[in-house]
Amino acid sequence: MQRGKSNKPATGAKEQQQGYMEPIERYEIIGGVRYDFLASPKYEHQKILLNFSLAFHGACAREGEIMIAPLDVHFDEDNILQPDVIYIRNDRLSMIRDGYIYGVPDLVVEVLSRSTGRRDKTIKKATYERFGVKEYWLADPEYRVVDQYALDDGGKYAHAATLTEDDILRSPTVPCLEIDLGTIFPPEQDT
């Protein structure tokens, strides 16, 4: 064997990268049923998610932890969901273990899309309500509104408000949170 040379056959960059960038399988388990994410989120969805994250961080970083999808929230073994935005107060952060959340966040946000909107409005909302997520927001990029739900004294979601990009969203669950929705939705694109 000559110095500086290897006995291994040369491989191309494509072969070297094989397996390195394989797509991550994303899914949720709701009521024991697996729901696959069929498409990656579009620009507008991700921009809204980023803007919510920045708004939460700017207002409430000292009071709690703000996280964004994809991150599993384990309510129990039959209900493992990935909300778009997750907020947990500092005094409840012990539910974050082994890189995941095992428990009930204080507030979650879902940004609607064609592939997940129906599920976000129905079975995910019912699951969050059943497990006691105190506040749930549904952001609709198409109509540029946010539906705000908060648990009532009976443990059911009450529709608190439908807010437009001209409104300020105030959270009854997270007092530090006050968001100008005009900063959340990206400028409308010409179609």
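Please identify the longest segment of the chain free of exposed trypsin sites (Lys or Arg not before Pro), where exposed means a DSSP state other than H, G, I, E or B and no more than 16 other Cβ atoms within 10 Å.
Values: sites that count: R3, K5, R26, K42, R62, R114, K156.
The reported range is 63-113.
For the chain, the number of Lys pairs separated by eight or more positions or lying on different chains, with C-alpha atoms closer than 29 Å, is 17.
Roughly what % of DSSP beta bridges within the range 44-191 run antiparallel, to the nearest 5? Show your work: numbers first, answer last.
Numbers: 29 of 36 bridges.
Around 80 percent antiparallel, to the nearest 5.
Anisotropy class assigned to the range 129-191 is prolate, per the alpha carbon gyration tensor with a/c at or over the 1.5 cut-off and a/b larger than b/c. Accessible surface calculations at 1.4 Å, restricted to protein heavy atoms, place the chain at 62 Å² per residue.
Here the chain is assigned +1 on the Cβ of each Lys and Arg and -1 on the Cβ of each Asp and Glu. Its dipole about the Cα centre then comes out at about 980 debye. Relative to the longest principal axis of the chain, what angle (0 to 90°, nearest 10) does the C-alpha long axis of helix 43-60 take? Once rounded, the angle reads 60 degrees.
Tell me the carbon and sulfur percent of the accessible area for the chain, rounded to whole percent, probe radius 1.4 Å. Please report the intermediate quantities before stating the final value.
On the way: 5730 of 11830 Å².
Using a 1.4 Å probe with all protein chains present, the chain comes out at 48 percent carbon and sulfur.
Compute the Cα gyration tensor for the range 35-188, then decide on rounded, prolate or oblate, letting a ≥ b ≥ c be the square roots of its eigenvalues: rounded whenever a/c is under 1.5, prolate when a/b is larger than b/c in the other cases, and oblate in all that remain. Walk me through the numbers before you get to the answer.
Details: a/c = 1.32, a/b = 1.16, b/c = 1.14.
It is rounded, given that a/c, with a ≥ b ≥ c, falls under 1.5.
Remark on Y27: its backbone amide H falls under 5 Å from those of F37, a criterion applied only to residues 5 or more positions apart or on other chains, H modelled at 1.01 Å from N. Which residue, E129, E25, E63, tops the fluctuation ranking in a GNM of the chain built on C-alpha contacts under 10 Å? Among E129, E25, E63, the largest GNM mean-square fluctuation belongs to E25.
The values are calculated or read from the model by the stated rules, or taken from the named source; none is laboratory data. Computed from a predicted model, the values in this text were never measured in an experiment. Note that each Cβ is placed from the backbone with ideal geometry, even for glycine, and that neighbours are counted across all protein chains shown. Areas reflect the complete protein model, heavy atoms only, side chains present, ligands, DNA and RNA absent. Shrake-Rupley method; radii C 1.70, N 1.55, O 1.52, S 1.80 Å.
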